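The values are calculated or read from the model by the stated rules, or taken from the named source; none is laboratory data. What you are looking at is a predicted structure, and each value in this text was computed from that prediction instead of being measured. Cβ placement follows ideal geometry from the backbone for every residue including glycine, while neighbour counts extend to all protein chains displayed.
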Amino acid sequence: MGKIVWLASYPKSGNTWMRTFLHNLMRNPNEPHDINKINELSTGDSIPIWYKRVINKPMEEWSRQDVADVRWEAQRLMAYSRADNIFVKTHNAMVEFLGKPLIHMEWTAGAIYIVRNPLDVCISLADHYGVSIDEAIRAMGDETTATVGSDKVIYEIHTSWSNHCWSWTQNPHPGLLVLRYEDMLHHPKQAFGSVCNFLGLRPPKARLERAIQLSSFDSLKKQEAEKGFREVSERSLSKSFFRVGKSGQWRTTLSQEQIDRVVERHKEQMQRFRYWPLPS
């Protein structure tokens, strides 16, 4: 039996990118690992199968409380599903909901938390959920923000961007690695090398560099164009999951009023992660 290594982030912050890197690193393929098979070495806490094993009634009858009551058992099943540790994707904040933790430490070995500039997150979020940028900004500032859930996914409790970041990173410790999306983009060898160190891996330099290349945005975008990606939102405005893969898009996309609203709501956490003061 292993435990869970959480791959945690606010939505549209680089979680899928991290999962593709880990698969390319550990599988060490000659060609990019299939993006539609990135659950071979990982799973997600919003995948219904883990809950179906412990809720004894049809999924259409589940309440939010039903799910909250069995998260401990569902996460135990995730941990028990592998002899070694298992990577589990989550967009949940590390908070309690309906009187129960969303993340149970009994089954947790550690976490990799990815943070991205909220000024860019709101643009990607708007496209992903098919809403306006103003609506995305509002959702990112709302402590009650959550997804609804369906017959395909379990609901998620995101809260606000600031609270999400704070909930996962307020107590730095050896079992937590915090990465900035921007560093993964602009300094990939150092950023992904730190992931290897955190996991106790010592891949040869060539293997690390190949995994970085095989999971690059261009590689992921090409795969999606050729075969599609099952995690793309049905509401996506661009109809793609891998949209731009850049940082700083906010400079030419957001109005000054939108920038001011994001900064006013999230300045404290932006400052913690070096997104504030804004570069001139």
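Checking the structure you have, find out if any residue of the stretch 129-144 is farther than 28 Å from Tyr80 by Cβ, in a strand (DSSP E or B), basic (Lys, Arg) and modelled with pLDDT of 95 or more. Even if it seems obvious, please write down each step before you answer.
Start the filter on the stretch 129-144 by keeping residues that are farther than 28 Å from Tyr80 by Cβ, which leaves 129-144.
Subset that is in a strand (DSSP E or B): none.
No; the residues of the stretch 129-144 include none that is farther than 28 Å from Tyr80 by Cβ, in a strand (DSSP E or B), basic (Lys, Arg) and modelled with pLDDT of 95 or more.
Matching residues to (1) within 18 Å of the chain's Cα centre (by Cα); (2) surrounded by fewer than 16 Cβ atoms within 10 Å (Cβ to Cβ); (3) at pLDDT below 95; (4) of a type in the set (S, T, N, Q):
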{"residue": "His158", "(1), (2), (3), (4)": "yes, no, no, no"}
{"residue": "Gln170", "(1), (2), (3), (4)": "yes, yes, no, yes"}
{"residue": "Leu177", "(1), (2), (3), (4)": "yes, no, no, no"}
{"residue": "Gln190", "(1), (2), (3), (4)": "no, yes, no, yes"}
{"residue": "Gly193", "(1), (2), (3), (4)": "no, no, no, no"}
{"residue": "Gly200", "(1), (2), (3), (4)": "no, yes, no, no"}
{"residue": "Glu209", "(1), (2), (3), (4)": "no, yes, no, no"}
{"residue": "Leu214", "(1), (2), (3), (4)": "no, no, yes, no"}
{"residue": "Asp218", "(1), (2), (3), (4)": "no, yes, yes, no"}
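For the stretch 51-87: of the residues being charged (D, E, K, R) and part of a loop (DSSP other than H, G, I, E, B), which is farthest from the chain's Cα centre (by Cα)? Explain how you work it out, then say what you get.
Restricting attention to the stretch 51-87, the residues satisfying the condition of being charged (D, E, K, R) are 52-53, 57, 60-61, 64, 66, 69, 71, 73, 76, 82, 84.
Applying the additional criterion that residues be part of a loop (DSSP other than H, G, I, E, B) yields 53, 57, 82, 84.
Values: Arg53: 24, Lys57: 29, Arg82: 21, Asp84: 22 Å.
By that ranking, first place goes to Lys57.
Report yes if some residue within the stretch 242-252 is surrounded by 16 or more Cβ atoms within 10 Å (Cβ to Cβ), under 27 Å from Asp34 (Cβ atoms), among the basic types (Lys, Arg) and modelled with pLDDT under 90; otherwise report no.
yes
Return the residues of the stretch 25-48 that are surrounded by 16 or more Cβ atoms within 10 Å (Cβ to Cβ), within 22 Å of Met78 (Cβ to Cβ) and either in contact with a Ser or Thr (Cβ under 9 Å, 6 or more places away or on another chain) or in contact (Cβ under 8 Å) with a residue 60 or more places away in the chain (or both); say none if nothing qualifies.
Leu25, His33, Ile35, Ile38, Thr43, Gly44, Asp45, Ser46, Ile47, Pro48
Residues of the stretch 72-89 being buried (at least 16 other Cβ atoms within 10 Å of the Cβ) and under 20 Å from Met26 (Cβ atoms), which ones?
Across the stretch 72-89, the qualifying residues are Met78, Ala79, Asn85, Ile86, Phe87, Val88, Lys89.
From the residues in the stretch 32-50 that are assigned to a loop (DSSP other than H, G, I, E, B) and hydrophobic (A, V, I, L, M, F, W, C), which one is modelled with the highest pLDDT?
At the first step, the residues of the stretch 32-50 found to be assigned to a loop (DSSP other than H, G, I, E, B) are 32-34, 38-41, 45-48.
Retained after the next criterion (residues that are hydrophobic (A, V, I, L, M, F, W, C)): 38, 41, 47.
On the way: Ile38: 79, Leu41: 83, Ile47: 95.
Filtering first and then ranking leaves Ile47.
Quick test of your reading of the structure: Ile154 fulfils all but one of (1) crowded, with 19+ Cβ neighbours inside 10 Å; (2) touching a His at 6+ places or on another chain (Cβ under 9 Å); (3) under 27 Å from Lys52 (Cβ atoms). Name the failing condition by number.
Against the list (1) crowded, with 19+ Cβ neighbours inside 10 Å; (2) touching a His at 6+ places or on another chain (Cβ under 9 Å); (3) under 27 Å from Lys52 (Cβ atoms), Ile154 comes up short only on (2).
Any residue at all in the stretch 180-203 that is of a type outside the set (Phe, Trp, Tyr), over 20 Å from Met18 (Cβ atoms) and in a loop (DSSP other than H, G, I, E, B)? Before you say what the answer is, go through the steps one by one.
Within the stretch 180-203, the subset of a type outside the set (Phe, Trp, Tyr) is 180, 182-191, 193-197, 199-203.
After this cut, where a residue has to be over 20 Å from Met18 (Cβ atoms) as well, the list is none.
No, the stretch 180-203 contains no residue that is of a type outside the set (Phe, Trp, Tyr), over 20 Å from Met18 (Cβ atoms) and in a loop (DSSP other than H, G, I, E, B).
Which one of the conditions (1) buried (at least 18 other Cβ atoms within 10 Å of the Cβ); (2) under 29 Å from Cys122 (Cβ atoms); (3) charged (D, E, K, R) does Arg64 fail to meet, given that it meets all the rest?
(1)
Residues Arg82, Arg64, Arg71: which one is touching a Gly at 6+ places or on another chain (Cβ under 9 Å) and over 30 Å from Gly193 (Cα atoms)? Please lay out each step first, then the result.
Details: Arg82 fails: over 30 Å from Gly193 (Cα atoms); Arg71 fails: touching a Gly at 6+ places or on another chain (Cβ under 9 Å).
Answer to the selection: Arg64.
Given the conditions (1) among the hydrophobic types (A, V, I, L, M, F, W, C); (2) within 26 Å of Phe21 (Cβ to Cβ); (3) modelled with pLDDT of 95 or more, which single one is not true for Ala126?
Of everything listed in (1) among the hydrophobic types (A, V, I, L, M, F, W, C); (2) within 26 Å of Phe21 (Cβ to Cβ); (3) modelled with pLDDT of 95 or more, Ala126 misses just condition (3).
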